[in-house]
1. Regarding the stretch C:20-33, can at least one residue be identified that is more than 9 Å from every other protein chain (Cβ to nearest Cβ), open to solvent by 40 Å² or more (accessible area, probe 1.4 Å), free of Cβ contacts under 8 Å to residues at least 60 places away in the same chain and not aliphatic (A, V, I, L, M)?
2. Just a yes or no: is a residue in the stretch C:45-57 touching a Lys or Arg at 6+ places or on another chain (Cβ under 7 Å) and hydrophobic (A, V, I, L, M, F, W, C)?
3. Please identify the pairs in which a residue from the stretch A:82-101 that is on the phi > 0 side of the Ramachandran plot has its Cβ atom under 9 Å from the Cβ atom of a residue that is of a type in the set (Asp, Glu) and assigned to a strand (DSSP E or B), counting only partners at least 6 apart or on another chain.
4. Take C:GLU39 and decide whether it is crowded, with 22+ Cβ neighbours inside 10 Å and among the charged types (D, E, K, R).
5. I'd like to verify a number: residues in the stretch C:34-45 that are free of Cβ contacts under 8 Å to residues at least 40 places away in the same chain and out of contact with any Ser or Thr (no Cβ under 9 Å at 6 or more places or on another chain), how many?
6. Open to solvent by 50 Å² or more (accessible area, probe 1.4 Å) and either at the interface with another protein chain (Cβ under 9 Å from one of its Cβ atoms) or of a type in the set (D, E, K, R) (or both): does that describe B:ASP111?
7. Taking the condition of being of a type outside the set (Val, Ile, Thr), at the interface with another protein chain (Cβ under 7 Å from one of its Cβ atoms) and either open to solvent by less than 20 Å² (accessible area, probe 1.4 Å) or not in a strand (DSSP E or B) (or both), how many residues in the stretch A:45-65 meet it?
Number of protein chains: 4
Amino acid sequence: MTAFTLELTPRFNETDALGHINNTVIPGWFEAGRTPVFEIFNPLLDLQRWNLIVAGYNIAFKAPTYYGSVVTITTEVARIGSASFDLRQRCWQQGKMTAQAVTTMVHYNYDAECSEPIPEPIKAALAAHMVTN
Amino acid sequence: MTAFTLELTPRFNETDALGHINNTVIPGWFEAGRTPVFEIFNPLLDLQRWNLIVAGYNIAFKAPTYYGSVVTITTEVARIGSASFDLRQRCWQQGKMTAQAVTTMVHYNYDAECSEPIPEPIKAALAAHMVTN
Amino acid sequence: MTAFTLELTPRFNETDALGHINNTVIPGWFEAGRTPVFEIFNPLLDLQRWNLIVAGYNIAFKAPTYYGSVVTITTEVARIGSASFDLRQRCWQQGKMTAQAVTTMVHYNYDAECSEPIPEPIKAALAAHMVTN
Amino acid sequence: MTAFTLELTPRFNETDALGHINNTVIPGWFEAGRTPVFEIFNPLLDLQRWNLIVAGYNIAFKAPTYYGSVVTITTEVARIGSASFDLRQRCWQQGKMTAQAVTTMVHYNYDAECSEPIPEPIKAALAAHMVTN
């Protein structure tokens, strides 16, 4: 299993009036699940040297996510391009996948406001977490 | 112009350490922009009779969205199926599109936990807001 | 009426499983209501020149705040000290006060990491919004 | 040490443009820290039988809370009344207290919309987590 995993406890203020976790909360969980990927690009998570930007994500909700039961976020690399890459992230609760997203991230220079090639060592580090199933 | 529009003032707590609106905030703005669509299905927004569920969304970030300047969310109907439909939503700031999403909504019976055909009068009401460009 | 006022439409993702607006949302609304106060200290809301910090707040919930009905946030100045001041903020829905907070703000130099005296012209601008009832 | 403790990893979307965790985020963390208290009143965290309401909280920010370093939330009981009780909660990061809140909770019957006496066994369970310092 090469996926990064993050365990989260859903918070009461993440529920909505339908009694489930609101759909707009899950992108935040997936962002939290990307922390080890951020660390590949920025080992100290230095906010002054941030070098990733989100180009977009495609998220599908498969089942409700509930309050009162732990959630596991899995994060795998689905594609490695020259300056961008895709992550496949899944949200699991009690053995069931409740949401899945593919997120496109870009290696980005915030000062120059442009994308930059992903260095080879970083590509190799990402490749160790490539989707296997 | 058949699009629904919503004006929002970005909130300070919606920024992140990069100094822009965080990407995870925009799905919440798009949810807010869907209110007139919720009202087509549920005119009094009665939480006890909620009948829509989000199947997923595909969101692309085109440019940073900033604090300190009003945002307009436009919402149009992109597809009307038998039990589901797609909305195209865009976030605009100072004349520039900063994000776009296509969201798939399902007409849903929360008691029976299943989708239901969209009644014809509702289809007609949605059709009045069909994407034109 | 010298209070600053802000109209807000509660968002679906601000509800919680009890069917009301979650208590943790209201501090964010009050922060939004402070925007005209931020502008007194920082007319262009320039994030690079931010000069206020929140020392704390005392918030009381008087009644549930509901989805589906507009909210008005009122903001008044309750105290002006040498480097800090207090704001009294209230959340109103359908004529009823649902929450009230007193927030202490400090005029703050983020570079020097210390408080600074509030200039007299700013004190005068604040004084025009002093609590009257 | 009788305090309940919760470890949290600050999320990127909880930062704001000042580069710290936004002040409006901390009440949500404190709510998360109250989960073991919720379980004393409602062991299965059954949302249909929720029996607590927040009357208010008084929160003080002592120091910035940063992204990139784990946070510990401690929760202790500061007062036990007939139908209400106070919790003292603190947020710690790298050995430093960054925020403290006292929150008043009421044992509440949502159907009858009124407070109810706290049963003696629950008072005893709360008393085991009384503030000691």
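The values are calculated or read from the model by the stated rules, or taken from the named source; none is laboratory data. Quick caveat: nothing in here was measured; it's all calculated off a predicted structure. Every residue, glycine as well, gets a Cβ built from its backbone with ideal geometry; the counts of neighbours run over all protein chains shown. For the accessible areas, the whole protein counts, side chains as well, though only heavy atoms, and no ligand, DNA or RNA atoms are used. Shrake-Rupley method; radii C 1.70, N 1.55, O 1.52, S 1.80 Å.
1. no
2. No, every residue in the stretch C:45-57 fails to be touching a Lys or Arg at 6+ places or on another chain (Cβ under 7 Å) and hydrophobic (A, V, I, L, M, F, W, C).
3. Going by the 9 Å Cβ cut-off, there are no qualifying pairs.
4. In short, no.
5. Result for the stretch C:34-45: 5.
6. Judged against the criteria, B:ASP111 is a match.
7. Residues in the stretch A:45-65 being of a type outside the set (Val, Ile, Thr), at the interface with another protein chain (Cβ under 7 Å from one of its Cβ atoms) and either open to solvent by less than 20 Å² (accessible area, probe 1.4 Å) or not in a strand (DSSP E or B) (or both): 5 in total.
Conditions tested, residue by residue: (1) within 14 Å of chain B (Cβ to nearest Cβ); (2) part of a strand (DSSP E or B).
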position: A:PRO43; (1), (2): no, no
position: A:TYR67; (1), (2): no, no
position: A:THR72; (1), (2): no, yes
position: A:ALA101; (1), (2): yes, yes
